[in-house]
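Take this structure first; my questions come after.
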Amino acid sequence: MVAIAAFSSSGRDKPSHNPQLGIFVYILASAAVIGGFLFGYDTSVVSAAMLYMPDAPGLKPMDTVWQEVLVSISPGMAAVGSLMSGTSSDYIGRRKVILGASAIFTVGALVCAASVNKIMLLVGRVLLGIAIGFASMIVPVYLGETAPTHIRGMLVSAFALMISFGQVVANVTGGAFSYIDPYNVGWRLMFAFAAVPSLIQFVCFIFLPETPRWLYENGYETETREVLEKVYNGDKEWVEYEMAEIIAFNEDQQKENEKVQQSGPVIWRILKTPHVLKACFIGSMLQAFQQLAGINTILYYTADIIRSSGISNNHTTIWISVALSVCNFIGPFIPMSLIERVGRRIIFLFSCGLVVLSLIFIGVAFLLVNHDSAATYPGSQYGNNFNSSYPDAKGCMAYTNCDYCVTTDACGFCHDANTKQGYCLPASSNNPEVFSSTGSCTSVNGAIPNNFQWEKYYCNTRYTILPIIACGVYLLTFSSGFTSLPWVLNSEFYPMWARSTCVSISTTSNWVFNLIIALTYLSLTQVIGKYGAFWLYAGLTVITFVFILFLVPETKGYSIEEVEMLFMNKKQREEAETRRRETVTEVRSRMNMSESGRARPEKNPKLGFFVYLLGSAAIIGGFLFGYDTSVVSAAMLYVPEAPGLKPMGTVWKEVIVSITPGMAAVGAWFSGAGSDRYGRKPIIIGSTIIFIAGAAICAVAWTKIIMLIGRIFLGVGIGFASMVVPVYLGEASPTHVRGVLVSAFAMMISFGQVVANVMGGIFSYWEPYTIGWRLMFAFAGIPALIQFVCFIFLPETPRWLYENGQTERAKQVLEKIYSGDEEWIEYELAEIETYAEERKKQMEEEKKSGPVIWRILKTPHVLKACFIGSMLQAFQQLAGINTILYYTADIIRSAGIENYHTIIWISVILSVCNLIGPFIPMTLIEKLGRRKLFLFSCAGVVVSLVLIGVSFLLVGNDSAPNFEMSSYSLAGSYDPTHVEAESCRILSNCDSCVTSEHCGFCEDSETRTGFCLPVNHNDPTLYSSTGLCTNGVDKSNSSFPNATSYTWQKHHCTTSYTILPIVMMGLYLLTFSSGFTSLPWVLNSEFYPMWARSTCVSISTLSNWVFNLLVSLTYLSLTHAITKYGAFWLYAIFTIIAFIFIYFLVPETTGYSIDEVEMLFMNKRQRNIAMQIRQAKLENGKDKEKETNNNSSNSLSTETITM
C-alpha cells in the first residue's frame, strides 16, 4: 500500500479549520441523493410486484424466462445509461444529466404503471434502467465535485444510504398496495409511486447550480467562485484555497492536454496513462465485485427467496421483505459515521469479510431447508392417476425432495399430509400455483384430495426462519460498507479530465455484472441449488477481500485532486516527496537510524557455514516441538486398547493429550528467568535432556500413570524449546535473515508433525497395540540427542554475553556470525554496546522498581508490546490448530474413515499441507512484511474453519437416522432399562450417536438406518451392551427385518461426504501454516527490549500453552455439547476477533533492527524524544568523523611540508 501525504496542487497550505456548513450544502445534497432513492426504489419494487404480475390480466402466463428478463432488463439498460452519461456530463454538464435522469424516471414509472401487456411493461423497465444508469453514474460525481472535502465521503455515502432507504420504501409501499386489488391495481401503484420523488428532484435541479469544477473547466470562472462561496458558506480562506486548487489543477490539465492533443479521445488518453488506467481498472473491479457478492440476487428476488424458505402467504412475504430492507437501510449509517475517521479501506475490508461469512450462513440455511424438506416417493408409488408420458413428468420424478422439485419452473410438490413425503409433479399450465397437471394433486371438481397439499414455490420445513435471518445478517453486513464504498472511491479516484469517462466505465461494470447476476440467479439455483449459488457468491467475495487488501489505497483526508497520486509509479511519487508533511511513513524512515548513531552498512553480510550450522541445530527444537505434540494423534488410535492402559475413557484421553501443552506452559514460564540467569544455550541443552527422558518414559509406559509422567516431561521440554529457541535465533542471527530463521523454526514444527505421522504410519504395521505405539514415542529421542551434541559446541548469543560482561566472547561470536565482515561486526557491536549502556543507566535509575516483571508493568510501551505478543499467541491456539493436530486421527475417523492405517496415511497428507504453508512466510516475510502475511493467513483460516463446520454439518445430516422407539421394541434383544439406553436412544442420528462416549451405532448397511445403543465397555469398538449388535446375539433368528446386515460403528458413520472434512482440513492447515504458524513466534522474538525480552517471551509463550491446554482439553467435550461443526464455527469467531486485533494493534516490524522495534510501541511524545536523541547521536557521529578526517588532512599537510 502506497502512503503519500496530502498536499495542495497549487502549493497553497490547506486551511487548518473545517468550514461551517450552510443550508445550501444540505439542500444541494438532499436533492442530489434523491437519485439514490430512485435507484433503490426502482430496482427493489419489482420484488414485491413480481408476486402478482405473473398472474395479472394481460401479463399471464409469465414463465421463468420472462420473469428474469423483466427483472434484469433494468440493470442491463442501466449499463447503457451509465456509459452514455459519462460523455454527456462532460459535454452538457452534470446538472443537466441529472435533470434528464429525473424526467426519464418519471416517464418510466408511469409507463410501467399503465402497462397492458408484457411488451409495454418491458418498455417501462427499459426506461427505468436508463434513468438508473444516469443517476448511478452522475450523482456521485456531482457530489464529489461539489461537496466540501471534509464531508465528501459522508455525502457520497448518503447517496448509498438513500439507495437502501429507497429499497425499504419500495417494500413498504409494496406491502401497503398489496391490499388494494393487487392483481389489477396494487402492482401498478407500486410502480407509479416512484414518479413523485423523481418529479421533486426535477424541480429542485432547475434551481441548483452546476459543479464548480465543471464550470471552471468550461470557462465560467465567475460562476465557479459564486458556487464555491455558497458551498463554503462565505468562508474566504476555504473559497480561495479551493479556487486556487481548481485553477492550478486545471492549468496542469491544459498543459497535459496540449502535450497529448494528437492522442485522440479521452478513452485513448486513459489507455495511454498508466496510473489512470490502473485507477480505472481498480474502480471498475470494485463495482463488479459489489455485484458478484450477490446483493441484487437478494434485492431483486427477495420475495422468491423468502417464499422458497417456506413462507406461503404473499402479504407475509412482503412484510418480511420490509424487515429485511430495514436491515439494508441501517447498515450505511456505519460508513457515514466512521468513514472520515476510520478510513475507507478498514470499513471495506470488514464489510467484505462479514459478507463472506453471511453468504456461507445463507448457503448453510438453504442446505438445511433442502435436507429437511419432504422426500419424494419412489417412482413405483406414483399411482394409477399419474401419466408418465405427460410433458415434464419424468423430469419432475427425478427430483429427490420437495426443495429440488419446487426450484424447477415446470414442477411442483404434491405433499402427502399423512407422511413427510410426496410426489414431484408437472404444474398445471393454467393454474400452476393451485394444481398439478397429472397425479394426486390434479384438479377434481376444482379441488384436490383432502390428504394432499400442492406446493409450487415453497416447502414446509423446520428451518424456514434460518434463511430469512441469514439474509438479514447479509444485508446488514453488506450495507455497512460494500453498498457505499465502491461509489465513494470511484468518485475520488480519477483526475478531472478522466473522471466522467472512468466513472461511466466503472458504473457500466457495475450494471453489466448486475445484469449477469440478475439474469442467471434462477437458472443457477436449478443447476447447483440455492445453497450452491450463495456459496459461489461467497467464493467470489473472498477474491474481493484479497483484491481490496492488496490493491485499493486509502483516500481519506486527500483532496479530490490529490488522490490521483496514489496510483502513480515510484518515480512520480518521489518527485512529490519534497512537499510531504511529516507522516508515519516519514517517522519510520527516520527510525532507520541506528541506536549508536552509526550508519547501517549498505550491503547485507555474506552468510557462512557457522550461521547455517547454528540455525540448523537450533531449529531441531522446533522439530521436537512438532513431533511430540503430533505423534499422540496416531498413537491414541492404539494406546486406549493397549495392555495395561485399557480401558481409557474420554477424560483420560483428554488428559494424556492436553497434559503436554499444560506442562509446556509451566516450562515456558520458568525458562524465561532461567535463560536470563544462566543463558540461552544452557536452557536449550536442558530441554534436549528432558526431551530424551520424556520419549523414553512414554515408550516404556506400562500404566496410564507412567504414560502421564512421560507426557509431562515432554511438555516441559516443549515449553523450554518454544520459548528459548526463537529468542536464541533472534539474538544470534544476522538482521536481514532473522525473520527467515525464526520462520524456519516454525517450519520445523510443521516438519516434525509430518514425520510424526509418517513414523506413526510405519510403526502401525509392527504389532501396534503392544510395540508400534511405543516406537512412535521412542523415535523422538534421536533428534533430541543430535541437538544435545550440537549445542555442546555452539556458543551463547552475543547480546547475552555482552550484557553479562563477556565482551570479548561476544565479539568472537559476532565474527563467526558475520563471517569476518568487519563493517557489520563493528556496527552490531556498537549497537549492542550502546543499547546495553542505555539499559544499564535505566536499570540504575530503576533499582528500586523491583523484579523485571514489575518493571514491565511500570513501562507502558513494553507492557503494551507484551500484551499484544501474548494475545497473538493466544489467538494462534483459539483458531483451533491443535484441535486439528492433536485429534487428527479422531477427526478423520469421525468423517467416515474406518481403517486405522488409512487414517494415519491421510494424517501424513494433511501434515504435508501444514509443512508446505510455512515456505510462504519464509520466502515473502522480508518482502511483503509481517502484517500482510498475517492478515491474509487469518482471513484464509476463517473461511477454512467455516467450511470445515459446513462439511461436518453435511456429514451429520447425511448420516443414518435413528429408529423410533417402536422399532427398538421390535428388536427383541434390546433392554430399555439399561442404565445408558435412554440417553443413547434420544440421539437423532449416527453422527450424534458416535460422538457420545457411551454410545455407538448399530447400522443396517442396506437401508442406512439403525439403532443408537450403549457400548460394551469391555470391547466398545466391537459390540453394544444391548440390542442387535450385542456380543453373541443370534441375528439370524431375529424377527427384525434385515437383522443380519446390521454392523457396529463406534467411531464413524457411513456418509456420502467423507472426503469433504478431510479436504477442508487440508485447506485449513495450508492457510494456517502460511502465516498463523510462524508469525506469532517471529513477532515475539522482535517486540521486546533486551532487559524484558526473556520475561515477555516467557509470558507470551505461557499464553500460547495455556490456551493450547484449554483448546485441547475441551475439544471432545465441546463436540458433545455443541457438535463438531459448532466447535469449528466457534473457532472461526475467535479468528475473526484475531483479524480485527491484528489489523488495529500489530505494527509492521520488517526492516528494523531488533533494538529499534521497541519504538513502535511508544507514544508520540516518547518517540519524539527518542528520535531527537538518535538525531543528536547521528550528528555527533558525523562531527567526530569530520574531525577525524580534518586531523588526517592536517597530518598529511605537515608530512608534506617536512618532506
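Nothing in this text is a laboratory measurement; each read-out follows from the coordinates by a stated rule. From a predicted model like this one, the values you see are computed outputs, not experimental measurements. Cβ placement follows ideal geometry from the backbone for every residue including glycine, while neighbour counts extend to all protein chains displayed.
In bins 5 Å wide, starting from 0, what share of all Cα pairs of segment 940-1023 does each bin hold, as a percent?
Spelled out bin by bin, segment 940-1023 gives 3, 15, 22, 22, 15, 9, 6, 5, 2, 1, 0 percent.
Using Cβ contacts closer than 10 Å as the measure, can you line up Leu161, Leu1118 from fewest to most?
Leu1118, Leu161
Sorting check: for 810-823, 689-702, 1096-1109, which peptide has the highest mean count of neighbouring beta carbons within 10 Å, and how do the rest follow?
Going by the mean number of other Cβ atoms within 10 Å, highest first, we get 1096-1109, 689-702, 810-823.
I would also like to ask the following. Based on other C-beta atoms within 10 Å, arrange Leu357, Leu928 from fewest to most.
Ordered from fewest to most neighbouring Cβ atoms within 10 Å, Leu357, Leu928 come out as Leu928, Leu357.
In segment 374-460, how does Rg compare with the Kirkwood Rh, expressed as the Rg/Rh ratio over alpha carbon atoms?
Dividing the radius of gyration by the Kirkwood radius yields 0.90.
Sticking with this one: Net charge near Asn430: determine it from the other residues with C-beta under 12 Å of the C-beta of Asn430, scoring Lys and Arg +1 and Asp and Glu -1.
That works out to -1.
Let me ask another. At 0.36 nm per residue, and after removing the present C-alpha to C-alpha distance, how many nm does the segment from Phe550 to Ser1056 gain when stretched out fully?
Extending this stretch completely gives an extra 178.3 nm.
Given H placed 1.01 Å from N in the peptide plane, which residues other than close sequence neighbours of Ser443 have an amide H under 5 Å from its amide H?
Ser436
If you don't mind, there's one more thing I want to ask. Note the full-extension length gain between Ile200 and Ile469 as 0.36 nm times their separation in residues minus their Cα-Cα distance, in nm to one decimal.
Here the segment from Ile200 to Ile469 would lengthen by 93.3 nm.
Here is a follow-up. Using Stokes-Einstein with the Kirkwood hydrodynamic radius over Cα pairs, what translational diffusion coefficient do you get for segment 327-440 at 20 °C and a viscosity of 1.002 mPa s, in µm²/s rounded to a whole number?
The Stokes-Einstein estimate is 125 µm²/s.
What distance in nm separates the two pseudo spin-label positions at Asp975 and Lys60, each 7 Å out from Cα along the beta-carbon direction?
Taking the two extended label points, one gets 6.5 nm.
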